[in-house]
Amino acid sequence: RLRRAVYHDALTDLPNRDLFIENLKFLLEKKKSAPDFNFAVLVLDLNRFKTVNESLGHSTGDKLIKSVGERLSKVI
């Protein structure tokens with residue numbers, strides 16, 4: 001449970017930045033030892049999320065993040 005709490009977002013239960021960095025370090029090391037190994041990083045941004053939070057409130061912002069998290073979980 002502790003590992004999950006450390007490496008997953010409490011709101012969405014998706015892997016967080018700390019787990020991303022751990023995985024990225026691992027993949028970069030793997031790339032050094034296996035030059036034919038390739039990987040990609042996808043960066044997503046919620047445009048105007050700050051505006052949603054400020055104008056509609058943090059609870060609405062949390063709902064938006066949860067919704068996006070659920071959608072991402074379905075396609076991963």
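The values are calculated or read from the model by the stated rules, or taken from the named source; none is laboratory data. Remember, it's a predicted structure, so these values are computed and weren't measured experimentally. Here the Cβ positions follow ideal geometry from the backbone for every residue, glycine too, while neighbour counts run over all protein chains shown. Accessible surface areas use protein heavy atoms only, side chains included; no ligands, DNA or RNA. Shrake-Rupley method; radii C 1.70, N 1.55, O 1.52, S 1.80 Å.
Meeting the requirement of 3 or more residues that are open to solvent by 80 Å² or more (accessible area, probe 1.4 Å) and within 27 Å of Arg1 (Cβ to Cβ), the helices (runs of 4 or more DSSP H) wholly within the range 13-76 are 17-33, 58-75. Residues that are outside any helix (DSSP H, G or I) and either acidic (Asp, Glu) or open to solvent by less than 100 Å² (accessible area, probe 1.4 Å) (or both) within the range 1-12 comprise His8, Asp9, Leu11, Thr12, listed in sequence order.
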